[in-house]
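Beneath this line is the structure, given in structure tokens, with notes to follow.
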Amino acid sequence: LARRRYRQMRAALIILQAYRRYKVKSYIREVNRRFKNVQSMKDYGRHVKWPTPPKVLRKFEESLKSIHSRWWAWTLIKGLSPEETLQVRAKVACLEALKGQRADLGLQRGWEGNYLKRDSPDTASSFTLISSMLQRKDKFMRVLFSCNVRKINRFHKTENRAVLITDRHLYKMDPLRQYKPMKSIPLYNVTGMSISSGKDQLVVFHTKDSRDLVVCLQGMVPANESRFGELVGTLLSHFKSEKRKLQVNIASPIQCSMNGRKCTIIVEPKINQSQPDFTKSRSGYILNVPGN
């Protein structure tokens, strides 16, 4: 009786093991069948539904999906030009830093970076001349970002300025004086950036010497284009490529230091405000933005 029971149990185990092998092989064959021609598909198999794995292969399925996702991403990226690759990396950096905290990141449009030529065609030749002069002087390799801005300084004075950010410096320029450079901040002196949690283009550059630069991006063409996400992502990607850290803060109000003096910046919508502008407050500054 005991021998018969032993033979029955042994037979049951053999059948169970054979069934498990069959399920595993069936799953692998089905995965192979579904993903066999993904390389020739338009979306490289992104739409293909994964078969249901047996319980023993659930972790294996996660690994397979991870492998396919990495291959899919690599296949997309390998066909990009160097400029497109930089743009993708900047958008990924922006998304990682700001996802869920700001909605107007500008991810759906192309990121041009150097906008002063496009936004100000009448003075583009002056800007090109100055940027070429700065390139010869400071030996920068490429322009990361440029844009017209509204600026507030430590003397509570607001002015229209332009910022030019290269792979080596952040320049503050005067567009009314043929983009004469007013100030140059080495990028190694920039420690972080702060943006608000609202729908505005306020950006604060924090520096090691506590002389933060407070600006609001403006003069965009088209007028409602949001560029703060591009600015944040581009700088994050550049700092990462140089193995340096850039702290990005999303806060309201924003804390900053103007020539060593601590102050706060808040954003307030204001009726009949046509363009964003700064005003003095008891604790710092208010950025008044157009309110509906």
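What to note about this one:
- Each residue in Ser274, Ser132 was given a count of other beta-carbon atoms within 10 angstrom of its own, and listing them fewest first yields Ser274, Ser132.
- Annotation: extensible slack from Thr158 through Trp71 equals 26.3 nm (criterion: 0.36 nm per residue apart, minus Cα-Cα distance).
- Virtual paramagnetic centre 7 Å along Cα→Cβ of Met220, amide N under 16 Å, in the stretch 255-292: 275-277, 289-291
- Calculated [θ] (222 nm, deg cm²/dmol) that DSSP helices of n ≥ 4 give over the chain, each run adding -39,500 (n - 2.57): -12000 deg cm²/dmol
- Likely footprinting exposure, Trp74, Trp50, Trp111, fewest C-beta neighbours within 10 Å first: Trp74, Trp50, Trp111
- Contact order, relative form, for the stretch 83-254: 26 percent (alpha carbon pairs under 8 Å, 6 or more residues apart, mean separation divided by residue count).
- Cross-link reach is defined here as a Cα-Cα straight distance under 16 Å, omitting same-chain residues fewer than 8 places apart; for Lys245 the lysines meeting it are Lys208.
- Taking 0.36 nm per residue of sequence separation and removing the Cα-Cα distance, the Ala18/Asn249 pair yields an extension gain of 77.4 nm.
- Within the chain, antiparallel bridges make up roughly 75 percent of the DSSP beta bridges whose residues both belong there.
- Annotation: the residues Thr191, Thr279, Thr52, sorted from fewest to most other C-beta atoms within 10 Å of their own C-beta, follow the order Thr52, Thr279, Thr191.
- In summary, the lysines within cross-link reach of Lys25, defined as a Cα separation below 25 angstrom excluding same-chain residues under 8 places away, comprise Lys36, Lys49, Lys55, Lys59, Lys65.
- Using the Cβ-Cβ distance between Arg177 and Asp138 with R0 set to 22 Å, the FRET efficiency works out to roughly 0.70.
- Neighbour cut-off at most 12 other Cβ (10 Å), DSSP loop, GluC sites (Glu not before Pro), the stretch 203-254: Glu242
- A protection proxy built from the mean count of other Cβ atoms within 10 Å ranks the segments 80-93, 54-67, most packed first, as 80-93, 54-67.
- For the stretch 163-292, DSSP calls about 70 percent of its internal beta bridges antiparallel.
- A simple packing score, the average count of other Cβ atoms within 10 Å per residue, orders the peptides 149-156, 26-33, 165-172 as 165-172, 149-156, 26-33, with the highest score first.
- FRET efficiency, 1/(1 + (r/R0)^6) with R0 51 Å, evaluated for Lys42 and Gln273 via beta carbons: 0.60
- Filter on Lys99/Lys151; Lys99/Lys280; Lys157/Lys183; Lys117/Lys243; Lys151/Lys183 - keep pairs with C-alpha separation over 20 Å: Lys99/Lys151; Lys99/Lys280; Lys117/Lys243
- The chain - percent relative contact order, Cα under 8 Å, separation 6 or more: 14
- Among the trypsin sites (Lys or Arg not before Pro) found in the stretch 224-292, those both in a DSSP coil and sparsely packed, with 12 or fewer other Cβ atoms within 10 Å of their Cβ, are Lys243, Arg244, Lys245, Arg282.
- Compactness index (Cα Rg / 2.2 N^0.38 Å), the stretch 83-254: 0.96
- Estimated from the Cβ-Cβ distance and a Förster radius of 51 angstrom, the FRET efficiency linking Glu112 and Arg29 is about 0.60.
Values quoted throughout were computed directly from the atomic coordinates according to the rules given, and no laboratory measurement underlies them. The model shown is predicted, which means the values in this text are computed figures rather than measured ones. Cβ coordinates were reconstructed from backbone atoms using ideal geometry, including for glycine residues, and neighbour counts include every protein chain displayed.
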